[in-house]
Amino acid sequence: MDITLEFEPVTARRWRDFEQLFGRQGAFCGCWCVALRLPHAIRTRMSPDERKGFIKDRIAVGPPPGILGYCEGAPVAWVQVGPRHDVPQFNSPRTVSRPLRDHEAEDPSVWALSCLFLLPRLRGNGLSHRLLGAAIDHARAGHARFLDACPIDHAKQSKSATLCIGSTAIFDIAGFATVARRKDGRPLMRLDLSR
């Protein structure tokens with residue numbers, strides 16, 4: 001299947017597209033892509049509507065916390081990508097995605113790709129590679145020096161919900177290197193954008 005995707009940073013003007021893409025379920029189980037923005041204890045006490053309001057406010061404030069993918073003008077994909085400091089739980093000392101060095105959590109040139117979402121009907125067509133490529137382009141445009149991700153080595157199938165964090169295989173192909181392995185199956189990977 002030949003699918004053309006175009007990508008745009010998510011801004012307040014594109015909120016309706018983001019809302020449409022995430023649907024009534026908020027993408028995965030009412031998450032609304034706030035899992036790495038709020039501590040678990042706070043996030044789990046929030047209703048899906050409160051999580052939706054949180055990300056709406058975050059998008060309105062800017063800068064864009066990620067990019068939307070469009071197919072024939074309709075929103076079909078999302079990549080949460082931006083400076084590490086924008087996703088505090090990605091930096092928690094208890095997580096496998098924590099930075100290599102403490103100062104990197106605040107360094108605006110160290111970015112994180114923390115979520116990939118594609119409409120179920122389009123999964124299994126190799127589009128994750130295009131989402132990742134667009135995220136890399138976005139990070140370069142934002143003057144990122146490093147782009148970090150913490151994907152998963154294996155998933156039972158390409159449509160698995162666990163792939164919202166991405167498969168190690170697509171990051172390997174894009175040139176990311178494993179820089180830490182704090183848990184089996186969940187490497188911290190990095191792309192050096194200064195080269």
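A few points about this structure:
- Test: Gly142 is at pLDDT 90 or above, exposed (fewer than 15 other Cβ atoms within 10 Å of the Cβ) and more than 13 Å from the chain's Cα centre (by Cα): no
- Some residue of the stretch 112-121 being surrounded by fewer than 17 Cβ atoms within 10 Å (Cβ to Cβ) and either in contact with a strand residue (DSSP E or B) (Cβ under 8 Å, 6 or more places away or on another chain) or basic (Lys, Arg) (or both): yes
- Residue in the stretch 169-177 that is in a loop (DSSP other than H, G, I, E, B) and either of a type outside the set (Gly, Ala, Ser) or more than 28 Å from Gly62 (Cα to Cα) (or both) present: yes
- Flag if Ala139 is part of a helix (DSSP H, G or I), among the small types (Gly, Ala, Ser), touching a residue at least 60 places away in the same chain (Cβ under 8 Å) and at negative phi: no
- All positions within the stretch 109-128 that are assigned to a loop (DSSP other than H, G, I, E, B) and either of a type in the set (A, V, I, L, M, F, W, C) or in contact with a Gly (Cβ under 7 Å, 6 or more places away or on another chain) (or both): Leu119
- Helices (runs of 4 or more DSSP H) fully within the stretch 1-108 that include at least 3 residues being within 20 Å of Asp137 (Cβ to Cβ): 15-22.
- Candidate set: the stretch 3-26, residues that are modelled with pLDDT under 95 and more than 16 Å from Ala74 (Cβ to Cβ); chosen: the one surrounded by the fewest Cβ atoms within 10 Å (Cβ to Cβ): Arg24
The values are calculated or read from the model by the stated rules, or taken from the named source; none is laboratory data. Note that the structure is a prediction, hence the values are computed from the model and not measured. Counting neighbours? That spans all protein chains shown, and the Cβs are built from the backbone with ideal geometry, glycine included.
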